[in-house]
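**Q** Shown below is the structure under consideration.
Taken together, the values in this text are just the output of simple stated rules run on the coordinates, not laboratory data. Bear in mind the structure is a predicted one, so any value in this text is a computation, not a measurement. Neighbour counts are summed over all protein chains in view; Cβ atoms, including those assigned to glycine, are modelled from backbone coordinates with ideal geometry.
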Amino acid sequence: MTDDTTRASGEPADSSATNGSGLPTGGGAGDKAGTDAALTKPFGGFTIDFSDDAGGATAPLPIDFGAAIATPIGAVASPPKPQAAGPRTDGTGAGRTESKVIIVGSGPAGLTAAIYAARANLEPIVLAGSAPGGQLMITSDVENYPGFPDGIQGPELMAAFREQAARFGTHIVDVDIDRVDFSSRPFRLWARGIEYRAEAVIVATGASALWLGLESETRLRGRGVSACATCDGFFFRDKEIAVVGGGDTALEEATFLTRFASKVHLLHRRDAFRASKIMVDRAIANPKIEIRMNTAVEEVLGDAKVSGLRLRNTETDATDEIDMEGLFIAIGYRPNTDAFRDWLDVDEKGYLVVHDETGSKIDGVFIAGDVHDHRYRQAVTAAGDGCKAAIDAERWLETQGIAEATTATAW
């Protein structure tokens, strides 16, 4: 989903997004104007341009996070709806610090949990991270999220999630958490020197894709460089592409991408794969996969989009350049669990362990999204997790006498 990229924060992110803007909380006319402005600028006026060139007639326009989300062509605009009272978003850490439930993370899991929790009158606080929005903030076209037949750009989708959560009264603070104390209730969390307290916590901090660390790789993310074959493979139909990695994930993604690409170059910097034998055998047997061992990517070539790679032989240091239209990085993910490792169970890969759907080993602490899910890693499954965690938190708070039942879902 996911951002410093590895601390427990918004569903992590290796993005270049900046903090959201603060929201006035006073009651005067000037404060109301500031509130209205903040509600239509959930990311503080931040923009991302995914266009291929400045003058292309069909190039997508930059997404302006300071603008209201437009109604799709052919859709009927709904009449304005009343806004819930109270503060919604705050980039400074000021404002409400106590709640029935605090949600850590602002990707699909965290913001879906916020929508459900706010509609259940739990008055949630979302600690969104210093680079909010999760991994969809570095994804251009999203064509597999239900409800968008023509697709939607990742940052635009996350802006819609955030606006919807804010509409129901969610208080969103764009800060990374530093530490937590789950020893007793109310649970305590600290961010930028401010202490937050809640009777229940939903951890939805996601997992960050590991990258090669090249400037050219960062510059061309979303323009031919990707870390998700399932998300972006469709865009490379009949194109020649490369996959970097030597584990099961890399070989699985290379095999999957042969459904679309004309040829897949599998690049591994060592002389032997770490992947299981069955995955290696499948890759070797696939006529559309060309394996290059002892090969490292030195630079991703291209201006507006990927056009090639500069490669280095790790044994001889010889370099060569090859034409390429896409590059998939499959060297692993790092779950954003640092702040929770002393309190919650983690598995051998470092992901949080879920008990009974969304629970943890601590009553009142719930888990959602890619911070525990290293199998699917999709926005839609993370959103489903967020829904479940919010409903479970509401039901648990009801059993504690802290919240009244408002959700009709059977349990």
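**Q** Give me P(r) over the stretch 249-402, computed from all C-alpha to C-alpha distances, binned every 10 Å, as integer percentages.
**A** 9, 27, 25, 20, 13, 5, 1
**Q** Also, quick follow-up: Which order do the peptides 358-367, 182-191 come out in when sorted by mean C-beta neighbours inside 10 angstrom, highest first?
**A** Numbers: 358-367: 21.0, 182-191: 17.3.
Ranking, from highest mean packing down: 358-367, 182-191.
**Q** Using a basic spin-label model with each label point 7 Å from the Cα along Cα→Cβ, how many nm lie between Asp323 and Lys305?
**A** That separation, rounded to one decimal, is 1.5 nm.
**Q** Now a separate question. What's the extension gain from Ala285 to Glu404 if we count 0.36 nm per residue and subtract their Cα-Cα distance?
**A** On the way: separation 119, 0.36 × 119 = 42.84 nm, distance 5.91 nm.
Here the segment from Ala285 to Glu404 would lengthen by 36.9 nm.
**Q** At q = 0.10, 0.16, 0.18, 0.19 Å⁻¹, what base-10 log of I(q)/I(0) does the Debye formula yield for the stretch 122-250 when every alpha carbon is treated as an equal point scatterer in vacuo?
**A** Here log10 of I(q) over I(0) equals -0.46, -0.97, -1.10, -1.15.
**Q** Tell me, what is the Rg over Rh of the stretch 103-157, with Rh the Kirkwood radius over Cα pairs?
**A** Working: Rg = 12.5 Å, Rh = 12.1 Å.
Computed over Cα atoms, the ratio is 1.04.
**Q** Let me ask something else. Under 15 Å Cα to Cα from Lys277, which aspartates and glutamates show up? Leave out anything in the same chain fewer than 8 places away.
**A** Filter leaves Asp248, Glu252.
**Q** Using the Kirkwood radius built from alpha carbon pairs, what does the Stokes-Einstein equation give as D for the stretch 284-331 at 20 °C and 1.002 mPa s, in µm² per second?
**A** Values: Rh = 11.9 Å.
After rounding, the answer is 180 µm²/s.
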